[in-house]
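The structure appears below as structure tokens.
What follows draws every value from the coordinates through simple rules; no lab data is involved. Since the structure is predicted, the reported quantities are computational estimates derived from the model, not experimental observations. Quick reminder, even Gly has a Cβ in these numbers, built from the backbone with ideal geometry, and neighbours come from all protein chains shown.
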Amino acid sequence: MKNPEPKIVIEHLIKIYGDKPHGALKLFRSGGTRESILKETGNVLGIADVSMNINQQELFVIMGLSGSGKSTLVRCINRLINPTSGHIYIDGEDIAHVNEQRMREIRLTKASMVFQKFGLFPHRTVAQNVEYGLKVKGIDKDERRQKALDTLKIVGLDQWADYLPSSLSGGMQQRVGLARALATDADILLMDEAFSALDPLIRREMQDELLRLQKELHKTIVFISHDIQEALKIGDRIAVMKDGAIVQIGTPEEMITQPADEYIRAFIQDVNRAQVVTAGSIARQTIPVILDQDSPSEALGKISEHVVEHMCVVNAQGSPVGIINKQSLESALAQEKSDISQVMQTDFPQIKANKRLEDTFPLYQQGLPVTVVDGAGKFQGLVELADVLASIGNADNCGHQNDD
Ligand SMILES: Nc1ncnc2c1ncn2[C@@H]1O[C@H](COP(=O)(O)OP(=O)(O)OP(=O)(O)O)[C@@H](O)[C@H]1O
Ligand SMILES: [Mg+2]
């Protein structure tokens, strides 16, 4: 379970690049656009009044086309770029307004950056690269060597400690970059297109690696990407930027099922919805039949009332124990059977609510609806194959209800 406490709070952040930021800021505040500000002042509106929270232990992805302001935003978070206006709180401290000395401490202890081009020192060994932040922090030689080796082990590179980065492949070099950021024990990792320079296969491996590490380390990760597949795969939440502003923030599923506008729709149009939408989100929440409580005639009443083919039978704890259908109940009544357990099917497909629709496909071979349960194994609803197919197929209808 994720902790919903915000780790980073961004309030009305504005960044203007150029020599007349205050004039440009005034223009922006009186309704000027990126274009008009550029035309009148020659200054570029990099971030246009962004407010958002990034929660503790969240893997937060920032997406957007080239030039939309992603790097500017993430570089404001560790003040590699000074904001023109606004606040950025890390653990409650407004880092937009702390002095350079304190900011250096924050970079060393709270927010580490992983760069796209790895940023490794070519003439230092892998271990020396990982030790770098610790050396700057003043940690003694033996301790930092040990910490570097421990961290290299986490990313699977402890055998390579004494090699130069040039002996390593791109994927391995990026693991070194990641180890260097992890070695500082900073709670926040800022990753700007960290996997973009890698081959597609290695890139997918690194995404899996990051997810695996995150399960153990529980960092707050701000991950920039312009690849929607990557964002949907790794993000707990995604923010999509355009022209320096946030267009939408939501979970991958919210992006897919409720895109805010055409810009977001253009991003998600080729996405395989079955890989994103969860079983729980489309489960039909019909009332189940309760074992040892409902008689076959009461069960039949429920089936007729809900106009469904099948119903789930749950035990007193609310966990599914069987599936019944109308015919079996009718024959139970005809044969004067009084117990539902005599006519229910106990071999039935079941899936957790947070599983993706693609995981339900193999479960339909029995011709039964799939029973969806929550994390505690309690009944949540049923998903019919027709619901799954409708949900995957309706990308074009999604959010277009008012277009006709
Ligand atoms: N140092 C700078 N001086 C002037 N303008 C800049 C500077 N850095 C960035 N910009 C402008 O600010 C805007 C946002 O740039 P930014 O680098 O944040 O975008 P991005 O979303 O990271 O793009 P990309 O996907 O290409 O990395 C762009 O219009 C860019 O031209
Ligand atoms: Mg960038």
Counting each DSSP H run of 4 or more residues in the chain as -39500 (n - 2.57), what helix-only mean residue ellipticity at 222 nm follows after dividing by all residues, to the nearest 500 deg cm²/dmol?
-10500 deg cm²/dmol
Surrounding net charge for S338, when Lys and Arg each add one and Asp and Glu each subtract one, Cβ distance under 12 Å
-4
Eligible lysines near K147 by straight Cα distance, threshold 28 Å, same-chain separation 8 or greater
K2, K7, K110, K117, K135, K137, K215, K219
Would you mind working out the magnitude of the charge dipole of the chain relative to its Cα centre, with +1 at each Lys and Arg C-beta and -1 at each Asp and Glu C-beta, to the nearest 20 Debye?
1860
Stretch gain in nm, segment K378-E262, where the contour uses 0.36 nm per residue and the Cα spacing is subtracted
37.9 nm
Find, among the trypsin sites (Lys or Arg not before Pro) in the range 1-77, those assigned to loop by DSSP (not H, G, I, E, B) with at most 14 other beta-carbon atoms within 10 angstrom.
K2
Nearest 10, in degrees from 0 to 90: the angle of helix 126-136 to the longest Cα principal axis of the chain is 70
Of all DSSP beta bridges having both residues in the chain, the percent classed as antiparallel (nearest 5) is 60
The range 97-252: C-alpha gyration tensor shape, a/c 1.5 cut-off, then a/b vs b/c
oblate
The range 280-391: relative contact order in percent, alpha carbon pairs under 8 Å with at least 6 residues between
30
Starting from the Cα-Cα distance between Y89 and K137, subtract it from 0.36 nm times their residue separation and give me the gain in nm to one decimal.
15.0 nm
What span do the alpha-carbon atoms of the chain cover on each of the three principal axes, reported in whole Å from largest to smallest?
85, 57, 37
With Cβ to Cβ distances under 12 Å as the rule, what net charge do the other residues near S196 carry (K, R +1; D, E -1)?
-2
